[in-house]
Amino acid sequence: EPEVTQTPSHQVTQMGQEVILRCVPISNHLYFYWYRQILGQKVEFLVSFYNNEISEKSEIFDDQFSVERPDGSNFTLKIRSTKLEDSAMYFCASSEGGASTPLHFGNGTRLTVT
Amino acid sequence: AQSVTQPDIHITVSEGASLELRCNYSYGATPYLFWYVQSPGQGLQLLLKYFSGDTLVQGIKGFEAEFKRSQSSFNLRKPSVHWSDAAEYFCAVSGGYNKLIFGAGTRLAVHP
């Protein structure tokens, strides 16, 4: 069964550094998402992406965050200047369509900001 | 505003016992509802979904859930729990553009 893959599985960075989290969504999917889960807390929506543009973003997704689909297969999340509170598990997801189709999640990237 | 409440943070059951995990939602229209499971160090795996029609939906791994509009609930059930079911379970509602709103999760422990 096709799956969403994320790299790296664990990223450690120093505060103020830029990080790029990478995702390869399922190939025929059209909608892409990033979610995050701070340790011990609920999974939170960050951003959705469709047709090469952001379709919705949460208040968490401020100017420090950006997403890009640089080619036909990758979907990236960039954090420009990381803060301690950005430490979390970041999940990429994709879906075939809109609200009536389920999301398929990757295994996540654990980001640790020191 | 849309929200999901999972009242039970932690549940422990014995292997072979039945299981019910509670989920209540708040959503203005007919909701799209989901249950996901997260094993340690893993991503979120879809167990089942409700969009419309039959209010009792079957999922993978022997799980089922029942949508009750009058109670704004979507409880997850399994008649006989296996040790491998130990994980964290998340209920979610879709809030437009497939933006999922998750509950806080219920951590399930299974005693042998």
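Where a number appears in this text, it was derived from the coordinates with a stated rule and is not lab data. Just so you know, these numbers come straight off a predicted model, no measurement behind them. Cβ: placed from backbone, ideal geometry, glycine included. Neighbour counts: every protein chain shown.
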Please compute the net charge surrounding A:I79, taking Lys and Arg as +1 and Asp and Glu as -1 over other residues with Cβ under 12 Å from its Cβ. -1
Violating pairs (Cα-Cα greater than 28 angstrom) within the set A:K83/B:K49; B:K61/B:K99; A:K42/A:K83: A:K83/B:K49
Taking max minus min of the Cα coordinates of segment A:1-96 on each principal axis, largest first, gives extents in Å of 36, 26, 26
What dipole magnitude, in Debye to the nearest 20, does segment A:61-110 give about its Cα centre under +1 on Lys/Arg Cβ and -1 on Asp/Glu Cβ? 140
For A:Q17, the residues 5 or more places away or on another chain with a placed amide H closer than 5 Å to its own amide H are A:T82
In peptide A:42-52, how many Cβ atoms from other protein chains are near each Cβ within 10 Å, on average? 4
Using a 10 Å cut-off around each Cβ of peptide A:102-109, what is the average number of partner chain Cβ atoms that fall inside? 6
Farthest towards the positive end of the dipole of chain B, among B:S39, B:L76, B:S94 and with Cβ unit charges of +1 on Lys and Arg and -1 on Asp and Glu, lies the Cα of B:S94
Quick check: convex hull over the Cα atoms of the protein assembly as shown, volume per residue in Å³, rounded to an integer? 125
The answer for A:S55, listing residues at least 5 apart or on another chain whose modeled amide H is closer than 5 Å to its amide H, is A:S48, A:F49, A:Y50
Gain in length, B:I11 to B:E64, computed as 0.36 nm per residue apart minus the alpha-carbon separation, to one decimal in nm? 17.3 nm
Run the simple label-point estimate for B:S72 and A:M15 please: 7 Å along Cα→C-beta, distance reported in nm. 4.0
For segment B:1-94, the fraction of alpha-carbon pairs in successive 5 Å shells from zero, as %: 3, 13, 26, 26, 18, 9, 4, 1
For segment A:53-104, report the convex hull volume of the alpha-carbon atoms normalised per residue, in Å³, without decimals. 113
What do you get for Rg/Rh over segment B:56-112 if you use C-alpha atoms and the Kirkwood form of Rh? 1.00
Antiparallel content of DSSP bridges confined to chain B, in %, to 5: 85
Estimated dipole of the protein assembly as shown in Debye, rounded to 20 [Cβ of Lys and Arg +1, of Asp and Glu -1, Cα centre]: 240
If amide H atoms are built 1.01 Å from N in the plane of the peptide, which residues on other chains or at least 5 residues away come under 5 Å of the amide H of B:A17? B:V81
Compute the FRET efficiency between B:E20 and B:H82 as 1/(1 + (r/R0)^6), taking r as their Cβ-Cβ distance and R0 = 22 Å, and round to the nearest 0.05. 0.90
